[in-house]
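The values are calculated or read from the model by the stated rules, or taken from the named source; none is laboratory data. Just so it is clear, the model here is predicted, and its values are computed rather than measured. Positions of Cβ are backbone-derived with ideal geometry, glycine not excepted, and every protein chain shown enters the neighbour counts. Ligands, DNA and RNA are excluded from the accessible area calculation, which covers all protein heavy atoms including side chains. Shrake-Rupley method; radii C 1.70, N 1.55, O 1.52, S 1.80 Å.
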Amino acid sequence: MATRRELPADVAAAFDRVPEARDRFAALPADQQAAWLDWIDRARGHRTRAGRIDELIRRLLPSSAAFAEEEVAEPAGPPPERYWWLWLVLLLLLVVGGLLAWYFLSRDSDKAVVPNVIGLREQRAAIEIHDRGLDVLARTAPSNRPPNVVFAEKPGPGTQLDKGQTVTIFVSSGRLAVPNLIGLQEPQAVQKLQTLGFKVAVKRVASTHPKGIVIDQEPTAGVSAVSGSTVTISVSSGVKPVVVPRVVGETQGDAVQALTKVGLDPVLQNVPSDKPAGTVVGQKPPAGKEVDKSSKVTVNVSTGTGPATTTTTTTTATTTTAAGPVRVPHVAGLAQTPALRRLNTLGLRPTVVYVRSSQPANQVVSQSPAQGTTLRRGSPVRVNVSTGPNPQPNASVPNVAGQDQAEAVQSLRDAGFKVAVLNRPTADQSKDSLVVEEQPRAGSSIPGGSQVTIFVGRFTG
C-alpha cells in the first residue's frame, strides 16, 4: 500500500491559497497523490512546474459555482505527458537518413554489377548485361554446353564495373557428330564439314577409286567432336597405287633398277653402316606400302664406315641392341621429356603414369625401380608424373600406334594433348618413321592438356 508523501513547499503554498483544493487532494488515494506529485516533479523549468501546479488546483476545484453544492467526482490522475521532443528527434533522424541514402545512391549511379548469365542463350545473356548499362563482347569457343549457350563470362558474376564497360561472354559452339563422308566428292565433303563448323584437312592417296572421291576419314563417322576441330579426309588421286618393293640388302644399282621398274623415283642417301659399301640398309616408305606412281623413295646406302652392332634375331622381328645390362638412372625431379629421353637412350622402356601431386605439372615425382637398379635393355621403368595442383578434366588418349609422326601428332593435338616425339631404333624396316609406342598408353584417362610422348621407329639396318 502506497504511503502519503510530504507535499513540496510550492505545492503546499498553492494549497494554502486554495484550502478547498488541499482538502480534495487529501481525500485522494495515496497512489493518485504520488502520481500527481511525480508528474509535477518531471516538469522542466520553473514556469512549467508552476503551470502543472495550477493544473492540479484547477482539476481539484468544481468546474463552476452552479455546481458548487453538488458532489464532485474525484479528479483523474495527471494528464499524459506530451513527448513532442521525441517526435522531433525521430523526424530529424528520418531526414538525415534520407539525405544519406540519396548521397550514396547518387554516388554509385555510374556503377553496375555484372549479372550471372552462364547457362543462358547468347541473345538473352546480352539483354541481361545491356540492362545493367554494360556492353557485351561475344566469343565462340568449343565446350560441352549446347551450341549458342554461354559457358563462361569475364569478369565473373558479381563484379562491380563502371557503366559502359565491356563484359566478355564465351558462347559454346557445342559438340557434333562427325558425318559420313566416304563416297562423296571432295567439294561436297568439304562443304558439309564447313557448314557444321569443322575444319578440313585433305590428304591425297593413291587408289583404284575414281579421282576426287573420299575413301577414308579421321575421325570416323559418328564420333562426337568439338565444333572447330579438324577432320582429315583421304581423297583418291585416281591413280592406281604402286606397291613399294623391298630393296634393303640389295646393291645400290639393283635397288634403283627395282624402284624405277615399277614407276617410283629413288632418292639415294649415303649413311654410315658396318654393311659393305654400296649395300642398301634402309628405305622409306617401307616395303609393301602403297603409294602414288612417281612417288619418291629414299634409299639409305651404306658407306661401309659404321660401327659394328650386335644383332639379335627372334621369331617376330630383328632388333639391333648393344650388349650388356644397364643401370637405371635418376630421373625423379626432372621434367617428363628429359627423363623419358634419358631412359630411352639407355634402351629402357619408360611407362608413364600421371598422379595427383602439389609438384609442378609434368614433373617426375617418383620412379620404379629406383636409381642404380640393374636391368636388361628393353625392361620397363615406371615414371610417376605430376598432374599439377589444378589439373583439367580427364580425357582418353587415342591410339596412334602404327601412324606416321605427322598424323599421330595431329590426332593427339585434336584430342587436346601436348605431344613430345622421341626416336627409337628399330631393325624392322616396316616400322621406320611409324609410331611404335605411346606413353601414357592408348586408352589411358589423363588430364586434358597433358603430355603424350610418342616413340617413332628409326630403321638402323
Which numbered condition R458 misses (of (1) out of contact with any Pro (no Cβ under 8 Å at 6 or more places or on another chain); (2) farther than 17 Å from R382 by Cα): (1)
Among the residues listed as K240, K275, K211, K203, the single one being basic (K, R) and closer than 30 Å to P147 by Cβ: K203
Options T387, T460, T453, T374; residue that is open to solvent by 40 Å² or more (accessible area, probe 1.4 Å), at pLDDT 90 or above and of a type in the set (V, I, T): T374
Tally, over the range 203-238, of residues that are touching a Ser or Thr at 6+ places or on another chain (Cβ under 8 Å), part of a strand (DSSP E or B) and open to solvent by 20 Å² or more (accessible area, probe 1.4 Å): 8
Neighbours by Cβ (under 7 Å, 6+ apart or cross-chain): first from the range 292-316, closer than 30 Å to R204 by Cα and open to solvent by 40 Å² or more (accessible area, probe 1.4 Å); second at pLDDT 50 or above and among the small types (G, A, S): D292/A206; D292/S237; K293/G263; S294/G263
Any hit, the range 47-55, residues being of a type in the set (S, T, Y) and modelled with pLDDT of 85 or more: yes
Test set (1) in a loop (DSSP other than H, G, I, E, B); (2) under 28 Å from L412 (Cα atoms); (3) open to solvent by 30 Å² or more (accessible area, probe 1.4 Å); (4) out of contact with any Pro (no Cβ under 7 Å at 6 or more places or on another chain) - P276 fails condition number: (2)
Any chance V436 is closer than 30 Å to G288 by Cβ, open to solvent by 40 Å² or more (accessible area, probe 1.4 Å) and either assigned to a strand (DSSP E or B) or not charged (D, E, K, R) (or both): yes
Strands (runs of 3 or more DSSP E) wholly inside the range 90-169 that include at least 3 residues being closer than 30 Å to Q392 by Cα: 135-141, 150-154
All positions within the range 14-34 that are part of a helix (DSSP H, G or I), of a type in the set (A, V, I, L, M) and open to solvent by less than 40 Å² (accessible area, probe 1.4 Å): A14, A21, A30, A34
Cβ-Cβ under 7 Å pairs, at least 6 apart or on other chains, the range 353-378 side in contact (Cβ under 8 Å) with a residue 60 or more places away in the chain, far side open to solvent by 60 Å² or more (accessible area, probe 1.4 Å) and charged (D, E, K, R): V353/R382
Unmet criterion (only one of (1) out of contact with any helix residue (DSSP H, G or I) (no Cβ under 7 Å at 6 or more places or on another chain); (2) outside any strand (DSSP E or B)) for V400: (1)
Members of the range 405-433 found to be assigned to a strand (DSSP E or B) and surrounded by fewer than 21 Cβ atoms within 10 Å (Cβ to Cβ), listed by number: K418, V419, A420, V421, L422, N423, R424, P425
Every residue from the range 1-13 that is free of Cβ contacts under 8 Å to residues at least 24 places away in the same chain and either part of a helix (DSSP H, G or I) or not acidic (D, E) (or both): A9, A12, A13
Criterion violated by G156 - all others in (1) touching a residue at least 40 places away in the same chain (Cβ under 8 Å); (2) farther than 30 Å from S224 by Cβ; (3) surrounded by fewer than 14 Cβ atoms within 10 Å (Cβ to Cβ) satisfied: (2)
Qualifying residues in the range 240-255 (those that are within 53 Å of the chain's Cα centre (by Cα) and not hydrophobic (A, V, I, L, M, F, W, C)) - the one surrounded by the fewest Cβ atoms within 10 Å (Cβ to Cβ): K240
